[in-house]
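I have placed the structure first, in the form of structure tokens, so that the comments after it can refer back to it.
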Amino acid sequence: MFKHLQSRKVLSWLLIAGLLLVSPMLALNTAEAQPQVEVKTIAAGTKYATPMYIIRSGQPGPTFLFTGGVHGNETAGYVAARRIAKEYRVTKGTLIVIPDVNVPAIKAKRRYVSEGDLNRQFPTSKGQQAKSALARIMLDAIRPYNVQWHVDMHEGFDYYKNPKTSSVGQTLIYYPTGNNGALANKLAGELNSGIKESIRKFSVLKYPVGGSFARGTAVTLGARSFIFETSQKQTLDVRVNFQLYMVNFFLRELGMQVVKADAPAPAAPVESPVEPATPDADIPTAPEVDTPDETDNPAAPSEDKVAEPVTPPENVVAEPVTPPANNQKPATNLSQLISNPFTAVEKISGLVRK
Ligand SMILES: [Zn+2]
């Protein structure tokens with residue numbers, strides 16, 4: 001009897017000791033594995049109210065900002081950005097996403113509404129002030145986060161290489177700091193490796209147009225800034241796919257690694273007028289054609305933008321998921337990528353899916 005009691009006592013102590021040892025480790029692991037998502041409403045209570053997602057890995061690393069919806073009729077940018085906000089988590093640094101920058105324009109499905117073109121209202125050089133309330137609101141919202149990288153997601157009316165329209169479509173425009181040019185050329189090379197027809201190939205340009213959001217973050221925050229443009233001549237699925245490919249490219253290059261969200265990000269606060277994005281609702285099965293008006297065609301590229309030849313990387317890495325070559329074949333791979341972009345991310349960079 002005594003012996004039995006003693007052994008039970010020993011067992012209990014062992015159990016307690018074991019728990020004491022293991023529990024801090026468990027807690028630590030949980031803390032590491034759980035990215036923190038904070039949703040803030042920018043310009044709450046105004047017509048500009050829009051969610052900003054701050055997705056923290058809990059690990060040191062770069063802060064990367066993706067923005068969409070500066071122009072309300074450039075659907076692929078904000079559809080893709082909403083997907084990132086809801087589904088992407090990173091293992092390093094911080095991801096900040098503002099999917100719907102210009103809510104009044106998005107609601108109107110127009111490039112801009114009465115306030116004029118938002119992408120001409122940001123500071124063009126250091127010391128300059130933003131020229132509109134919304135531009136100022138956006139810069140104020142992101143300033144506290146030490147944004148080091150920024151891609152503003154846009155769309156053009158046509159292909160850049162179509163001499164008849166000279167639309168900026170299918171371009172990557174970079175602000176020349178660090179190795180931005182090399183990165184832009186690398187991404188264009190990857191995208192173009194899956195595009196046969198030369199008119200549809202992505203071009204690399206430099207200097208985001210004066211007054212653009214990307215130019216503004218470069219000159220006022222010192223961010224490494226880019227504008228990415230898909231062409232509205234493609235189906236929405238293809239355009240969103242290109243946008244997601246671009247996001248995955250940058251996160252891969254910075255070693256931030258995309259992991260899938262275990263649970264959906266918290267819903268945007270109630271006062272946000274933006275409908276929560278559900279992939280099915282946002283991606284119509286039929287190709288979407290945005291009604292062009294005179295402001296849809298961005299006319300000639302700005303004078304401070306210089307075309308550069310795109311040189312594909314010497315060793316084009318074999319990609320299980322290549323970007324779609326054209327809008328004739330959105331096909332199975334594309335649908336899979338749209339429904340689960342992480343499949344592609346895993347295949348591209350061999351990452352662990354959560
Ligand atoms: Zn645009």
Most exposed to least, judged by fewest other Cβ atoms within 10 Å, ASP140, ASP158 sort to ASP140, ASP158
HN-Hα couplings for region 122-138 via Karplus (6.51, -1.76, 1.60; θ = phi - 60°), in whole Hz with x for Gly/Pro, come out as 8, x, 8, 9, 4, x, 6, 9, 5, 8, 9, 4, 5, 4, 5, 4, 5
Expected unfolding gain across THR46-ARG136 under the 0.36 nm per residue rule, minus the alpha-carbon gap, is 31.0 nm
Pseudo-spin-label distance ALA182 to ASN146, built 7 Å along Cα→Cβ, given in nm, is 2.4
For 145-152, 229-236, 124-131, ranked highest to lowest by mean beta-carbon neighbours within 10 Å, the order is 229-236, 145-152, 124-131
Non-local residues with an amide H under 5 Å from the amide H of GLY68, with H modelled 1.01 Å from N and Pro and chain starts lacking one, are ILE98, ASP100, VAL101, MET153
Packing-ranked peptide list from 75-85, 239-249, highest mean Cβ count within 10 angstrom first, is 75-85, 239-249
Least to most buried among LYS86, LYS107, LYS196, by other C-beta atoms within 10 Å and fewest first, runs LYS196, LYS107, LYS86
If amide H atoms are modeled at 1.01 Å from N in the peptide plane, then the residues at a separation of 5 or more from TYR88, or on another chain, having amide H under 5 Å from its own are none
A correct Karplus calculation of ³J(HN,Hα) over region 236-246, with 6.51 cos²θ - 1.76 cosθ + 1.60, θ = phi - 60°, whole Hz and x for Gly and Pro, returns 4, 4, 5, 5, 5, 4, 4, 5, 5, 4, 4
Amide H contacts under 5 Å for ARG111, restricted to residues at least 5 apart in sequence or on another chain and with H modeled in the peptide plane, are GLY72, ASN73
Expected vector for region 54-60, Karplus 3J(HN,Hα) from phi with 6.51, -1.76, 1.60 and θ = phi - 60°, integer Hz, x for Gly and Pro, equals 10, 10, 9, 7, x, 10, x
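FYI, it's all coordinate maths here, none of it is from the lab. No experiment lies behind these values; they were computed from the predicted model shown. Don't worry about glycine lacking a Cβ; one is built from the backbone with ideal geometry, like all the others, and counts go over all protein chains shown.
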